[in-house]
Amino acid sequence: MAARKDAVVDVNGIRYRWPKQPVVVVCIDGGDPAYFRQGLEEGFIPNTARFMKQGFSVVAEGTMPSFTCPNNMSIITGTPSSKHGISGNFYLDTKTDQPVVMTGPELLRGGTILARFAAAGARVAAVTAKEKLRRQLGKGLELGGGNVCFSSEKASQCTRAENGIEGVLDLVGMPQPDIYSMELSLFVLEAGIRLLERDRPDLMYLSLTDWVQHKFAPHEAEAKRFYREIDARFGRFAELGALVALTADHGMNDKSNGAGAPNVIWLQDILDERFGKGDTRVICPITDAFVGHHGALGGFVRVWCRGRATPRQIIEAVSAIDGVEQVLDKDNACRLYEMPADREGDVAVISRADACIGGAEAEHDLSGLAGHRLRTHGGVSEARVPFILNRPLNEAYRLKAGVTTLKSHQIFDFALNGAAS
Ligand SMILES: [Zn+2]
């Protein structure tokens, strides 16, 4: 749609310029800056290294809690979770006393950059590794006419009606990847390359999965292999003339002790002992159907008061626990981390980089971790992410970048408005 070159698209109060060339934003799930540092030191990510040198690179702040869904929604709406409403995978509905899954599009507030550009006539592609993200990514996105939205998890089942595309396996030239594999992410990038070659979408959002980072530290061979592979594909996007923007939803930390066992604070057990069973309810918002690689253990949990214990008493009881970095009441948690108050617990508990928090020990299945150290995320120590463009910034955005710590949800703003022409 070359005729729209002067157009501006307003999304949630931010004006985005029409892309001058295809813009590819990649969310490297679990892409802690430490993985890129390792790659730079050892020289196995030459394309990313070139972007960082010739374009723009900082470490930005992600959305808290540092989980997958909140951060993906921040990136595609350009807003913090206080605006878009997705602050985890679960929250507690205090009327029914039931945990509510937050991964449905109906809970996402406001429009997405992808949907608004498509409505303005841009060709838009959204590809994600896991199906659970797909419906939120595709919220309001009119499919067909070159607009597509699909996951590599369900690539073999894509239909024109549901995804705007069929025959994805043939297009990509890879077999259906396993849900627990690095190929699930590589498939997303390969699909992006094929779409860029064939349809040349104006805007692409490619969201990977953090299976590799949950399993392997930056110095381990499999992690290096994965980064070598994704870097080669980033290079291919640049070769095809795309503006490439790289960020992550969250980082990743090793949370095991010297013996290799997970360093867990079983918060529900501690609170039950202190205040009595049923008095408090701990919700681990990292919980989802795919807990094999993290056992539903993360660096951030919410506590709801269901009986006599007050937030102040809970804060007093929890702040003394070794491994806890921060305990906040609802107001302070929402103010400090820009989270939606109606989905926040009475108390938010954040763990240190080397520790994680669970509910009741009996309710977590850690068998999926067998033989591996626990690596996971959710806290402030995992909320630092790469923010890289393959083009330098224009004058205005150089100034903008110089005065504040950037947020990962500004990545579309910087890619569309900030790249030097
Ligand atoms: Zn993630």
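The values are calculated or read from the model by the stated rules, or taken from the named source; none is laboratory data. As the structure is a computational prediction, the values presented were derived from the model and not from experiment. Methodologically, a virtual Cβ is constructed for each residue, glycine included, from the backbone with ideal geometry; neighbour enumeration extends over all protein chains shown. Surface areas here come from the heavy atoms of the whole protein model, side chains and all, with no ligands, DNA or RNA. Shrake-Rupley method; radii C 1.70, N 1.55, O 1.52, S 1.80 Å.
What lysines sit close enough to Lys20 to cross-link, taking a C-alpha to C-alpha distance under 24 Å and skipping anything fewer than 8 places away on the same chain?
The reachable lysines, counting only those whose Cα sits under 24 Å from Lys20, are Lys5, Lys53, Lys400, Lys407.
Under 26 Å Cα to Cα from Lys154, which lysines show up? Leave out anything in the same chain fewer than 8 places away.
Lys130, Lys132, Lys139, Lys215
If you bin every alpha carbon distance in the stretch 244-372 into 5 Å steps from zero, what whole percent lands in each bin?
In whole percents, the pair-distance histogram is 2, 10, 20, 23, 20, 14, 8, 3, 1, 0, 0.
Can you give the direction-averaged projected area of the convex hull of the alpha-carbon atoms in the stretch 179-300, in nm²? Let's see the in-between values first.
Working: hull surface 41.0 nm².
Mean projected area for the stretch 179-300: 10.3 nm², to one decimal.
For a quick check of your reading of the filter: which GluC sites (Glu not before Pro) in the stretch 82-161 sit in a DSSP loop and have no more than 15 other Cβ atoms within 10 Å?
Sites meeting the loop and neighbour criteria: Glu142.
When the Debye formula is applied to the Cα atoms of the stretch 1-88, each taken as the same point scatterer, what base-10 log of I(q)/I(0) results at q = 0.17, 0.19 Å⁻¹?
-0.95, -1.06
Computed over the Cα atoms of the stretch 236-315, what is the ratio Rg over Rh, Rh following Kirkwood? Could the numbers behind the result be given before it?
Working: Rg = 19.3 Å, Rh = 16.0 Å.
Rounded to two decimals, Rg over Rh is 1.20.
Report the full-extension gain for the segment Arg274 to Ala7: residue separation times 0.36 nm, less the Cα-Cα distance, to one decimal in nm. Walk me through the numbers on the way to the answer.
On the way: separation 267, 0.36 × 267 = 96.12 nm, distance 5.97 nm.
Computed gain between Arg274 and Ala7 is 90.1 nm.
If amide H atoms are built 1.01 Å from N in the plane of the peptide, which residues on other chains or at least 5 residues away come under 5 Å of the amide H of His364?
none
Can you list the lysines whose alpha carbon sits under 21 Å from that of Lys330, skipping same-chain ones fewer than 8 residues off?
By straight Cα distance, Lys330 reaches Lys83, Lys95.
In Å, what Rg and Dmax follow from the Cα atoms of the stretch 308-421?
When restricted to the Cα atoms of the stretch 308-421, Rg and Dmax are 19.3, 61 Å.
Give the Debye-formula value of log10 I(q)/I(0) at each listed q (0.07, 0.11, 0.12 Å⁻¹), with one equal scatterer per alpha carbon of the chain, two decimals each.
-0.32, -0.79, -0.93
Helix by helix through the chain, keep the DSSP H runs that span 18 Å or more along the axis on Cα and average at least 1.6 on Kyte-Doolittle, and give those back in order.
Working: long enough: 183-198 (22 Å, 0.72); 221-239 (27 Å, -0.92).
TM-like helix candidates: nothing returned.
Count charges around Gly359 for me, please; just the other residues with Cβ under 11 Å from its Cβ, Lys/Arg as +1, Asp/Glu as -1. Numbers along the way, then the final one.
Values: positive: Arg281, Arg302; negative: Asp269, Asp272, Glu361, Glu363.
Every neighbour counted, the sum reads -2.
Taking every DSSP beta bridge with both residues inside the chain, roughly what % is antiparallel (nearest 5)?
On the way: 36 of 59 bridges.
Roughly 60 percent of the beta bridges in the chain run antiparallel, per DSSP.
Which net charge results when you count Lys and Arg as +1 and Asp and Glu as -1 among the other residues whose beta-carbon is under 15 Å from that of Pro311?
Numbers: positive: Arg274, Arg281, Arg302, Arg306, Arg308, Arg312, Lys330, Arg335; negative: Asp279, Glu316, Asp329, Asp331, Glu344, Asp346.
Overall, the nearby charge balance is +2.
When the chain is fully extended, how far beyond the present Cα-Cα distance does Ser421 get from Ala161, taking 0.36 nm per residue of separation?
On the way: separation 260, 0.36 × 260 = 93.60 nm, distance 3.73 nm.
Gain in length upon complete extension: 89.9 nm.
Just to check I understand the Karplus step: with θ = phi - 60° and J = 6.51 cos²θ - 1.76 cosθ + 1.60, what whole-Hz values come out for the stretch 240-254, glycine and proline as x?
My calculation for the stretch 240-254 gives 7, x, 7, 7, 9, 10, 10, 8, 9, 7, 6, x, 6, 9, 6 Hz in order.
Reported to two decimal places, what Rg/Rh ratio describes the stretch 146-187 when computed on Cα atoms with Rh from the Kirkwood expression?
Details: Rg = 9.9 Å, Rh = 10.4 Å.
On the Cα set of the stretch 146-187, Rg over Rh gives 0.96.
Using a Debye calculation, one point per C-alpha and no hydration shell, please list log10 I(q)/I(0) for the stretch 82-122 at q = 0.24, 0.25, 0.27, 0.29 Å⁻¹ in order.
For the requested q values the scattering log ratios are -0.83, -0.87, -0.94, -1.00.
If Lys and Arg each add +1 and Asp and Glu each add -1, what is the summed charge of the other residues whose beta carbon sits under 13 Å from the beta carbon of Ala348?
Working: positive: Arg302, Lys330, Arg335, Arg343; negative: Glu325, Asp329, Asp331, Glu338, Glu344, Asp346.
So the surrounding residues net to -2.
So how long is each side of the stretch 359-411 along the principal axes, counting just the alpha-carbon atoms, biggest first, in Å?
Largest first, the stretch 359-411 extends 55, 22, 14 Å along its Cα principal axes.
I'd like the accessible area for Arg391: 1.4 Å probe, protein heavy atoms, all chains in place, Å² to the nearest 10.
60 Å²
Going by amide H atoms built from the backbone, whose H comes under 5 Å of the H on Val148, apart from near neighbours?
Val124, Ala125, Ala126
Can you list residues from other chains, or at least 5 along the same chain, whose modelled amide H is less than 5 Å from the amide H of Glu325?
For Glu325, whose amide H was placed from the backbone, the distant partners under 5 Å are Ile350, Ser351, Arg352.
When each pair of different Cα atoms in the stretch 93-247 is counted once in the 1/r mean, what is the Kirkwood radius in angstroms, to one decimal?
Details: mean 1/r = 0.0608 Å⁻¹.
Final number for the Kirkwood radius of the stretch 93-247 is 16.4 Å.
Computed over the Cα atoms, what is the radius of gyration of the stretch 124-204 divided by 2.2 N^0.38 Å, N being its residue count?
Numbers: Rg = 11.3 Å, N = 81, 2.2 N^0.38 = 11.7 Å.
Here the Cα radius of gyration is 0.96 times the empirical estimate.
Let me know the whole percent of all Cα-Cα pairs from the stretch 184-249 that are separated by more than 20 Å.
Details: 616 of 2145 pairs.
Summing the P(r) of the stretch 184-249 above 20 Å gives 29 percent of all pairs.
What is the extension gain from Ala362 to Asn394, computed as 0.36 nm multiplied by their sequence separation minus the C-alpha to C-alpha distance, in nm to one decimal?
Details: separation 32, 0.36 × 32 = 11.52 nm, distance 5.43 nm.
Length gained between Ala362 and Asn394: 6.1 nm.
Using C-alpha positions alone, give me the convex hull volume of the stretch 56-147 per residue in cubic angstrom.
About 125 Å³ per residue, rounded to a whole number.
Accessible area of the chain with a 1.4 Å probe: how many percent of it is carbon plus sulfur? All intermediate terms of the calculation are to be shown ahead of the outcome.
Numbers: 7770 of 16170 Å².
The computed percentage sits at 48.
Could you state the accessible area per residue of the chain in Å², with a 1.4 Å probe and every protein chain left in place?
Working: 16170 Å² over 421 residues.
Spelled out: the 1.4 Å probe surface of the chain, per residue, equals 38 Å².
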